[in-house]
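Please treat every number below as a calculation from the coordinates, not as lab data. Bear in mind the structure is a predicted one, so any value in this text is a computation, not a measurement. Counting neighbours? That spans all protein chains shown, and the Cβs are built from the backbone with ideal geometry, glycine included.
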């Protein structure tokens, strides 16, 4: 097998991996920017119920991330849009949030689309009256504002959590502008490292691919490419009679048919 084939295949694989890493690094750098923040714009969140509950992905292994990513955190802002009754936003474990809102009229967010923004919810019917959220002690992070914007910042921890939007007095008809931000302190540094590794890998793959395409083939040669024995040219006239060519039989001259030999003369007395 020609040695160029492994170089071409391996170079193509390395080049593809380098290209993927380069694109990933660029995307991370653009998405998080120099501020290391992935943020959404203000989005309207409205429900006629007492609370709008937004589930978060269950976090696992985040507690060990600060050594690599820095302290990852989630920032949430909520600004009342309608009647100024105060706004509340809090983060709680799934178990505590479900226990607090059990039996109440609540909307649970099940799907969020960014472009265009659309919130899909699942309605939990109920008639229970819940106490004001600010009087509860189970919140792992909370913010409340009688007017204006309530802002909270929560360092992400392992577990299953919920973000809860409510009126400050626990009354129904929640209507707020909400903004979410994921802060990863080392995002820019990680994106630059990924970008550098991707560019270096892509360069290496390109060199290997070029060498494979330009290297001479070492496969078996066809019979037409095999060297031919040197041909025997005409002998020089001074070299005497030419030897018979290979494969030719020597011809011995014989007397011509019908010819007679001359009679020999004998000496002596008859």
Mean Cβ-within-10 Å packing, highest first, puts peptides 37-43, 47-53 in the order 47-53, 37-43
At 7 Å along Cα-to-Cβ for each site, give me the label-to-label distance between residue 127 and residue 9 in nm.
7.3 nm
Average Cα contact separation per residue, the stretch 37-185, under 8 Å, 6 or more apart, as relative contact order %
49 percent
If the chain between residue 112 and residue 151 were fully stretched, how many nm would it gain, using 0.36 nm times the residue separation less the Cα-Cα distance?
11.9 nm
Restricted to Cα positions, what overall size does the stretch 37-185 have along the principal axes? Three whole-Å values, descending.
46, 30, 28
